Amino acid sequence: MEGKWGNAWRPTINEKKFISEAIQNDLRVDGRRPFDFRRLTIKFGREDGSSEVQLGETHVMGHVTGQLVQPYRDRPNEGSLSIYTEFSPMADPAFEPGRPSEAAIELGRVVDRGLRESRAVDMESLCVIAGKSVWAIRVDLHIIDNGGNLIDAANMAALAALSTFKRPECSIGGENNQEIIIHDPQVRDPIPLTIHHLPIAVTFAFFSEGNLMVIDPNYKEEAVMGGRMTLTLNSNGEICSIQKAGGEGVISSIIMQCVRIASLKATEISTKIKSAVEAYNNEKALKKVKRHPAIVEKKISVPDLEMKEKDDTSFDDVSPNFASSSRSTDKKKNKNAPILAPLNWDPYSTNATSVIRNPQLPGPVGTNNNEQNEAQDMETDNENKLEKNSNAISEQTGVSIEIQQQNINTSPKSLKDAVKPKNRRKKKADRNAR
């Protein structure tokens, strides 16, 4: 078996004996139990239809492509599915470049039989024009590292790649509806393949003339094993294909036992592949969504301003004639009280202070500087007019301006001033007597 699968490791007699005795005691070289799989990791590439599977130390890549071809004559309404394998010398020194080896041919046939013979992929959905044009799907499997059990790893890589592959959408047009138009993926979304079920390959290795068996053999166990059998089943327990290789015979009871074990393992692996494909599709869907940048509220730091009311004494100092008592009582009773004014306030007086207090505002309200300037300008204009009038009167009457100003400035005498006091009367009488 080691010459067929190209295993470069050549075990000695003692190593073979050690491995066989360990398996008899339900132990394996890498510490697993007889029916345990190695760690499975499934990754996907940037493009649809590319996958990367790592089963322990075995590393396989799968890539799916499609093109329009002419169908077979016996199946004019169905597409085609083909499997191609490539064994690189980088994976194992025993692999030679160039012509595919016997192991590469057998690997491709086992994987192809499990997929195509079981009708896992709907071939009729690949037909564009019956008898003229169908889609031909090609799966390329590249062996990167040979760590044992290449069939199972290649089968998983092919299933993962087919599950994420999407072909371009086509439409028929032109004259007589015989022209095929392939739409760009940005114009119309590509169409995924119709996969009915996932046929999972599970490989068993036999030792001690078929009396002992283990699942998922590594490259050391493959160098010692006497036979091998690959069962391909889906999650429903349906057998898709069976491949028996090796010289050792296996009794029917052991084969039935292998079928039961493989059915359980196929369900577990199928669940892992579906969950990995679903996560990949969700990630791709999120990338297609156009997201606008969120509007972030900018925080502007503004200093807090505290509005403090001044005491009543400050207003009394500015305008002492305010009715402070009535203002304080009205402020407590009614907030919408009217504006209060000083008691002796003269609206026509230019010297009067125009400081008033509004109980709704935090401070006194005064006239603006512009209003004060206008009042001063009006005063100067009035003074100039008075001077001109007085000059004109003085020229006509011959009375000086000073006397006019004295007469203007002197206020009229009241009734009290008209009554002379007794002292003045006595003094006037004495003067007359003399």
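Listed values, structure above:
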| read-out | value |
| --- | --- |
| Over the range 1-141 - Rg/Rh using Cα atoms and the Kirkwood inverse-distance radius | 1.09 |
| More than 15 Å apart - percent of Cα-Cα pairs taken over the range 87-169 | 65 percent |
| Solvent-accessible area of M378 with every protein chain in place, 1.4 Å probe, in Å² to the nearest 10 | 120 Å² |
| When the range 204-248 is reduced to its Cα atoms, the Kirkwood hydrodynamic radius in Å | 11.2 Å |
| Exposure of S82 as accessible area (Å², to 10), given a probe of 1.4 Å and all protein chains | 40 Å² |
| Relative pair counts by distance (%), Cα atoms of the range 151-201, 5 Å bins | 4, 18, 17, 16, 14, 11, 10, 7, 3, 1 |
| Full-extension gain in nm, R32 to E47, via 0.36 nm per residue minus C-alpha separation | 1.9 nm |
| DSSP-loop chymotrypsin sites (Phe, Trp or Tyr not before Pro) across the range 22-90, with at most 15 other Cβ within 10 angstrom | Y72 |
| Portion, in percent, of the accessible area of the range 118-236 that falls on carbon or sulfur, probe 1.4 Å | 43 percent |
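The values are calculated or read from the model by the stated rules, or taken from the named source; none is laboratory data. Keep in mind that this is a model prediction, so the values were computed, not measured. In this analysis, Cβ positions are derived from the backbone assuming ideal geometry, glycine residues included, and neighbour counts consider all displayed protein chains. Areas reflect the complete protein model, heavy atoms only, side chains present, ligands, DNA and RNA absent. Shrake-Rupley method; radii C 1.70, N 1.55, O 1.52, S 1.80 Å.
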